[in-house]
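In what follows, a structure is listed as structure tokens, so that the remarks can point back to it.
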Amino acid sequence: MNISELSEQEILRRQSLSQLREMGIDPYPAAEFPTNAFSTDIRQKVDSGEWNVESEDATQLPQVSIAGRLMSRRIMGKASFIELQDSKGRIQVYVTRDDICPDENKDLYNVVFKKLLDIGDFIGIKGHVFRTKTGETSVHAKELTLLSKSLKPLPIVKYKDGVAYDKFDDPELRYRQRYVDLVVNEGVKDTFLQRATVIRTLRKVLDEAGYTEVETPTLQSIAGGASARPFITHFNALDQDMYMRIATELYLKRLIVGGFEGVYEIGKNFRNEGMDRNHNPEFTCMELYVQYKDYNWMMSFTEKLLETICIAVNGKPEREIDGNIVSFKAPYRRLPILEAIQEKTGFDCNGKTEDEIRAFCKQKGMDVDETMGKGKLIDELFGEFCEGTFIQPTFITDYPVEMSPLTKMHRSKPGLTERFELMVNGKELANAYSELNDPIDQEERFVEQMRLADKGDDEAMIIDHDFLRALQYGMPPTSGIGIGIDRLVMLMTGKTFIQEVLFFPQMKPEVRTTKSEEESED
């Protein structure tokens with residue numbers, strides 16, 4: 001890196017790096033530093049009485065080896081208090097010159113600790129646990145080891161006259177530099193630990209039900225299983241364009257044809273569409289398919305699944321989201337989509353032609369055009385007037401066939417299908433069907449999708465001839481569901497923006513300027 005691009009703090013830290021090496025101290029040692037405790041463990045064992053820290057004999061006190069970032073320090077002559085942050089939390093460490101430099105050479109304390117160590121450096125501490133006179137659980141350092149030198153200063157918040165300075169709260173910076181966000185902003189790491197709990201609990205429920213976790217291709221020759229615009233790449237070895245998958249559905253149903261009772265996959269999907277508070281082009285989805293089941297069974301299974309996850313994350317089946325108390329306790333309301341539209345708009349789509357529905361949309365001031373078929377128009381109506389109104393978990397059921405090219409026809413309602421979408425807090429969380437297993441009907445649905453594509457619908461499905469061939473070998477009655485993991489985590493953690501539950505959300509390319517360019521702009 002050009003030295004002219006560095007800040008004054010960065011230059012000073014690099015000078016400290018050089019001085020450490022000149023003193024024979026490796027700022028990035030390769031040797032293992034074994035630890036035997038975390039900050040939270042130490043505090044819990046002291047508070048519970050498991051560890052006695054009242055003895056005046058240091059050899060009788062709990063001996064610990066801990067490591068983490070130096071986050072603050074108060075130097076008071078020959079002694080100092082520092083705050084160490086490890087992977088679980090923070091703890092105070094008491095450091096004296098004579099303890100860490102028992103011989104005549106006091107350089108480690110006088111030079112290294114006072115001048116060459118910086119906030120953000122990783123250090124290792126060996127010592128004993130005690131309570132300060134103010135009652136704070138602390139570690140008395142007997143050894144101090146530099147483990148990794150930090151060359152960029154952390155944005156540590158400072159307060160003056162009640163005003164906070166150097167807060168790291170700009171959303172773009174937080175999402176782009178998540179590694180800094182995790183270090184300095186309280187609660188961020190907890191969100192991602194809760195995300196891990198969501199996925200772990202989801203997997204546990206499915207495994208205990210006897211279903212098999214599988215993996216299917218991410219690169220696909222046909223973008224199938226959903227209505228979405230795909231990302232396109234090129235496979236050099238085959239000299240053909242390929243698609244990043246938009247769904248795992250068609251491959252998972254091939255496995256049901258092959259004889260699996262139930263299969264699921266938790267993996268990444270990619271849709272070349274917009275980014276907003278609810279959408280990221282790369283997202284995590286769980287899809288599950290179970291033979292001999294229908295969408296009614298899947299609704300009941302989903303209720304129990306989400307209730308279990310909410311309890312695992314929050315300790316109860318309710319969660320406050322955007323100021324609303326949302327209950328995931330079963331059962332949930334079930335409402336046919338056409339009834340939902342009529343309930344919110346007064347317009348009954350039953351028996352209406354495509355032109356009549358389009359005319360009503362235009363009457364309502366909606367931006368619709370001739371490329372939109374009947375299903376797309378109904379979907380737009382629901383999105384405009386209904387979707388955002390369902391705060392408590394609600395199954396929207398019985399979608400028109402035009403909206404559901406992979407779904408079995410409804411057993412008692414002509415023109416409709418056995419499909420539901422689960423709405424929570426005004427957003428879709430899950431999509432599920434009684435799966436279409438009639439290969440002739442499926443082929444006709446694919447052909448209709450191609451007609452929509454010819455009209456200009458760039459989200460229409462492409463005919464997957466291999467999938468049709470698989471269905472011709474016979475697929476048993478099956479129910480399937482897809483649940484958006486990112487949105488599920490948003491709900492379970494009470495987050496408003498999808499970027500808050502993704503470690504590294506998609507962002508516009510970073511614009512980099514050199515210091516000389518900044519000065520010329522001034």
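Within the range 176-190, residues that are over 14 Å from R69 (Cα atoms) reach partners that are open to solvent by 50 Å² or more (accessible area, probe 1.4 Å) and in a helix (DSSP H, G or I) with beta carbons closer than 6 Å, at six or more positions or on different chains, in the pairs V188/L182; K189/L182. Residues being assigned to a loop (DSSP other than H, G, I, E, B), open to solvent by 40 Å² or more (accessible area, probe 1.4 Å) and small (G, A, S) are represented in the range 255-263 by at least one member. Could you tell me whether Y251 is aromatic (F, W, Y), closer than 24 Å to Q291 by Cα and in contact (Cβ under 8 Å) with a residue 24 or more places away in the chain? So Y251 fits the description; yes. Within the range 56-73, the residues that satisfy the criterion of being more than 19 Å from T96 (Cβ to Cβ) and either surrounded by fewer than 12 Cβ atoms within 10 Å (Cβ to Cβ) or touching a Ser or Thr at 6+ places or on another chain (Cβ under 9 Å) (or both) are A67, G68, R69. Of all residues in the range 206-238, those that are surrounded by 12 or more Cβ atoms within 10 Å (Cβ to Cβ), at pLDDT 95 or above and within 19 Å of V290 (Cβ to Cβ) total 8. Residue selection: R419 fails the criterion of being closer than 26 Å to T302 by Cα, surrounded by fewer than 20 Cβ atoms within 10 Å (Cβ to Cβ) and not hydroxyl-bearing (S, T, Y). Scanning the range 51-66 for residues that are among the charged types (D, E, K, R) and farther than 20 Å from T134 by Cβ returns a single hit, D57. Under 9 Å between Cβ atoms, at least 6 apart or on separate chains: pull out the pairs that start in the range 373-392 with a residue that is touching a residue at least 60 places away in the same chain (Cβ under 8 Å) and end on any residue that is open to solvent by 50 Å² or more (accessible area, probe 1.4 Å) and in a helix (DSSP H, G or I). Taking only residues 6 or more apart or on different chains, the pairs are G373/E354; G373/E402; G373/E448; G373/R451; K376/E402. The set of residues in the range 144-172 being over 29 Å from L17 (Cα atoms) and assigned to a loop (DSSP other than H, G, I, E, B) consists of D161, G162, D169, D170. Among the residues of the range 173-221, the one identified as closer than 30 Å to L250 by Cβ, among the polar types (S, T, N, Q), part of a loop (DSSP other than H, G, I, E, B) and under 20 Å from the mean Cα position of the chain (by Cα) is T218.
If only residues of the range 74-108 that are open to solvent by 50 Å² or more (accessible area, probe 1.4 Å) and of a type in the set (S, T, Y) are counted, the one that is farthest from D181 (Cα to Cα) is Y94.
Of the residues making up the range 11-42, just one is over 20 Å from N105 (Cβ atoms), β-branched (V, I, T) and open to solvent by less than 50 Å² (accessible area, probe 1.4 Å), namely I42. Regarding F168, is this residue open to solvent by less than 50 Å² (accessible area, probe 1.4 Å), hydrophobic (A, V, I, L, M, F, W, C), in contact with a Leu (Cβ under 9 Å, 6 or more places away or on another chain) and at negative phi? Judged against the criteria, F168 is a match. Look at (1) open to solvent by less than 30 Å² (accessible area, probe 1.4 Å); (2) over 22 Å from P27 (Cβ atoms); (3) out of contact with any His (no Cβ under 6 Å at 6 or more places or on another chain) and you find that T134 fails only one, number (1).
Within the range 472-486, residues that are acidic (D, E) reach partners that are part of a helix (DSSP H, G or I) with beta carbons closer than 6 Å, at six or more positions or on different chains, in the pairs D486/I498; D486/V501.
The values are calculated or read from the model by the stated rules, or taken from the named source; none is laboratory data. In this text the structure is predicted, and so the values were computed from the model without any measurement. As a convention, Cβ positions derive from the backbone with ideal geometry for all residues, glycine included, and neighbour counts pool all protein chains shown. Ligands, DNA and RNA are excluded from the accessible area calculation, which covers all protein heavy atoms including side chains. Shrake-Rupley method; radii C 1.70, N 1.55, O 1.52, S 1.80 Å.
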